[in-house]
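K.L.:
This is the structure I have questions about; it appears just below.
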Amino acid sequence: MTRPNKTLIFFAIIYTAITIYFVVDIKRDESASLGYVFLFPAFWLVGGLILGLLFWLTKIKITTTVDKITFALSTPGPMLAFFFIWSILPSSQSPASTYEFNSNGHRHRQVKYQYSSGQTKNIEYYISQDSVTDESPFPENDIWLKDSIWTYYNKDGTIEREEQN
């Protein structure tokens, strides 16, 4: 019985850890996500070249089922499949619009969601935990607290319910 390739397992762990770091960083700072449009393909190219070099140097041979699974995790395939599945789930709806402004020493955010028909689904309001000033107009931390009245609408535009926050 052949044993799983340790080099391939090590490569897959490092590759997956870097990918998870990128995804977490995108979630932490969504304004940086545009940079990842260029970073991910570069990372995939470098990872593919390293993986190909390891095959060429015969450091990696796929002989077991574990090797096949590990090899699949060493490619962009699982991440792309995950994001495709995540994007078609109904609970992963992105906001239709966001609006931010400063008032009374805090940053305020309004987030609007829509049905596929374009009708407003709900409107949420948030206030920054950190205070802001004219010299420092953005909160230091990205911590938002629920604020005001959240309104949920039916598909016909009538109010379904309101939540006081």
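The values are calculated or read from the model by the stated rules, or taken from the named source; none is laboratory data. Just so you know, these numbers come straight off a predicted model, no measurement behind them. All Cβ positions, glycine included, derive from the backbone under ideal geometry; neighbour counts span all protein chains shown.
K.L.:
In segment 109-138, which residue that is outside any loop (DSSP other than H, G, I, E, B) and touching a Gly at 6+ places or on another chain (Cβ under 9 Å) is surrounded by the fewest Cβ atoms within 10 Å (Cβ to Cβ)?
P.N.:
Filtering segment 109-138 for residues outside any loop (DSSP other than H, G, I, E, B) gives 109-114, 120-131.
Keeping just the survivors that are touching a Gly at 6+ places or on another chain (Cβ under 9 Å) gives 120, 131.
Values: T120: 15, S131: 13.
Among residues in segment 109-138 that are outside any loop (DSSP other than H, G, I, E, B) and touching a Gly at 6+ places or on another chain (Cβ under 9 Å), the one surrounded by the fewest Cβ atoms within 10 Å (Cβ to Cβ) is S131.
K.L.:
Here's a follow-up. Does D156 satisfy the condition of being assigned to a strand (DSSP E or B) and acidic (D, E)?
P.N.:
no
K.L.:
Here is a check on your reading of the model: is I14 out of contact with any Ser or Thr (no Cβ under 8 Å at 6 or more places or on another chain) and either at pLDDT below 90 or assigned by TED's automatic domain parsing to the domain that holds P139 (or both)?
P.N.:
no
K.L.:
Hey, can you tell me all the residues within segment 139-156 that are exposed (fewer than 15 other Cβ atoms within 10 Å of the Cβ), in contact with a strand residue (DSSP E or B) (Cβ under 9 Å, 6 or more places away or on another chain) and either within 18 Å of H106 (Cβ to Cβ) or of a type in the set (D, E, K, R) (or both)?
P.N.:
Across segment 139-156, the qualifying residues are E140, N141, D142, I143, L145, K146, I149, K155.
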